[in-house]
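These notes concern the structure reproduced below.
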Amino acid sequence: MTEAIRFDDKVVIITGAGGGLGRAHALAFARHGARVVVNDLGGSAQGEGANASAADRVVEEIRQAGGTAVANHDSVTDGEKIVQHALDAFGRVDVVVNNAGILRDKTFHKMEDADWDLVYRVHVEGAYKVTRAAWPLMREQGYGRVIFTASTSGIYGNFGQSNYGMAKLGLYGLTRTLALEGRKNNILVNAIAPTGATRMTEGLIPPQVFEQLKPELVSPLVVYLASEACQETSGLFEVGGGWMGKVRWERSLGVGFDPKAGFDAEDVAASWQQICSFENAAHPADNIEALKEMMANLQKHAG
C-alpha cells in the first residue's frame with residue numbers, strides 16, 4: 001500500500017488561492033497536514049480591484065476543518081511580501097504553488113499594451129517575484145518544491161489568447177531552467193497545464209462539460225508533485241476532469257545539409273517533407289541532447 005503523503009511541519013504558499021484551482025489546492029494541502037499561506041489579492045478575473053474576503057474565507061474553511069492557514073492579500077508582483085508573511089507566520093517556506101492568474105482575451109489586432117502588460121505582470125513577473133523571494137530559503141535548507149501553472153493555450157495556442165499563451169508557455173521555460181539550477185539543492189520544479197471549472201474558464205467551456213471539471217480533480221497531482229515522495233523535476237503535465245498525462249517535446253530527425261558545400265532555400269523546399277516527418281522522432285531531454293543531430297551532421301561533413 002502506498003505510504004500516506006504528508007506535509008507535517010511544511011509550509012506551502014499558494015497564490016491566487018481565494019477561489020477556483022487555488023482554493024482547491026489550499027484545502028488539499030491543509031488536509032495533508034501543511035501549514036498554508038492563502039494568497040489572494042481578491043481582484044476580478046480581469047485583474048481589476050481588490051477584496052480581502054476571498055482569501056479570508058478559504059482560511060476560515062481550513063481552520064474549521066482543523067487545519068492551519070493564514071491569509072495574505074498582497075499582489076504577486078510584491079512576492080517578497082508574501083514570502084515574508086510566510087516567514088513571520090510559520091518561520092519557513094517549503095513549497096510555492098504559482099497559481100495566480102488573470103485573463104485579458106482579445107485577438108492580436110485588437111490587443112492593447114495594457115492587456116499585454118497586465119497578463120505578463122500577473123502570470124510571469126508575479127510567479128518570478130514569489131519564487132525568487134523563496135528560492136534562497138529553499139537553497140539554504142536544502143529542500144524545496146515549486147509548481148508553475150502553465151496552460152494548453154501556451155502549449156497548443158488558443159484563438160484570442162496571444163498574451164495569455166505567451167505568459168503560460170514562458171512559465172514552462174522558467175520551469176525547465178529552474179529545475180536544472182535547483183536540483184543540486186533538492187529543489188524540484190514542475191509545471192501543470194490544468195483544465196478546471198473556475199471563473200476564468202466559465203463561458204469558455206460548454207456548460208455540460210464545465211460542471212464536470214471540478215478544480216478538486218486537479219489538486220491531487222499538485223499535492224503529489226510538491227511532496228517529498230515525488231522526485232520528478234522539469235515535468236509538464238496536462239490535468240483535468242480526473243485525467244492527467246505528461247507532455248514532452250518531440251522533434252523530427254530532420255535533414256543534414258553539407259555546411260561546406262552550401263545549400264539554399266530550394267534545397268530546404270526539396271527536403272521539406274523529410275524535415276517535417278516525425279517517423280522515428282527524437283525526444284531531447286536537455287540542450288545537450290538537442291544538439292545531437294546537429295553535431296552528427298557537422299562530424300559527417302568534417303575534413
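Things to note:
- Flag for GLU125 being out of contact with any Phe, Trp or Tyr (no Cβ under 8 Å at 6 or more places or on another chain), closer than 18 Å to THR15 by Cα and in a helix (DSSP H, G or I): yes
- Within the stretch 140-173, the residues that satisfy the criterion of being over 11 Å from the mean Cα position of the chain (by Cα), part of a strand (DSSP E or B) and closer than 27 Å to GLN231 by Cβ are GLY144, ARG145.
- Annotation note: Cβ proximity below 9 Å between a residue of the stretch 162-189 that is farther than 9 Å from THR233 by Cβ and a residue that is of a type in the set (Asp, Glu) (sequence gap 6+ or interchain) occurs for ASN163/ASP105; ASN163/ASP115; ASN163/ASP117; TYR164/ASP105; ARG176/ASP286; ASN185/GLU140.
- Test for TYR120: is it part of a helix (DSSP H, G or I) and either closer than 16 Å to GLY182 by Cα or among the β-branched types (Val, Ile, Thr) (or both): no
- Residue pairs meeting the criteria (Cβ under 8 Å; at least 6 apart or on separate chains; first in contact (Cβ under 8 Å) with a residue 24 or more places away in the chain and within 17 Å of LEU180 (Cβ to Cβ), in the stretch 215-235; second open to solvent by less than 10 Å² (accessible area, probe 1.4 Å) and among the hydroxyl-bearing types (Ser, Thr, Tyr)): SER234/THR175
- Residues (loosely packed, with under 12 Cβ neighbours inside 10 Å, closer than 28 Å to LEU236 by Cβ and not aliphatic (A, V, I, L, M)) located in the stretch 247-291: ARG248, GLU250, CYS276, PHE278, GLU279, ASN280, HIS283, ASP286, ASN287
- Test result for GLY170, closer than 26 Å to ASN287 by Cα, open to solvent by 30 Å² or more (accessible area, probe 1.4 Å), modelled with pLDDT under 95 and touching a helix residue (DSSP H, G or I) at 6+ places or on another chain (Cβ under 8 Å): no
- Enumerated helices (runs of 4 or more DSSP H) restricted to the stretch 1-111, each holding at least 1 residues that are open to solvent by 20 Å² or more (accessible area, probe 1.4 Å) and within 17 Å of ALA226 (Cβ to Cβ): 20-31, 79-90
- Residue check for GLU266: more than 30 Å from GLN141 (Cβ to Cβ), touching a Leu at 6+ places or on another chain (Cβ under 7 Å) and among the charged types (D, E, K, R): no
- The one condition from (1) surrounded by 11 or more Cβ atoms within 10 Å (Cβ to Cβ); (2) more than 34 Å from the chain's Cα centre (by Cα) that GLY235 does not meet is (2).
- As for the stretch 152-160, it holds no residue that is within 17 Å of VAL83 (Cα to Cα) and surrounded by fewer than 19 Cβ atoms within 10 Å (Cβ to Cβ).
- Condition met for LEU137 (part of a helix (DSSP H, G or I) and open to solvent by less than 30 Å² (accessible area, probe 1.4 Å)): no
The values are calculated or read from the model by the stated rules, or taken from the named source; none is laboratory data. None of these values were measured; they are calculated from a predicted model. Ideal geometry is used to build each Cβ from the backbone, glycine not excepted, and the neighbour counts take in all protein chains shown. For accessibility, only protein heavy atoms count, side chains too; no ligands or nucleic acids. Shrake-Rupley method; radii C 1.70, N 1.55, O 1.52, S 1.80 Å.
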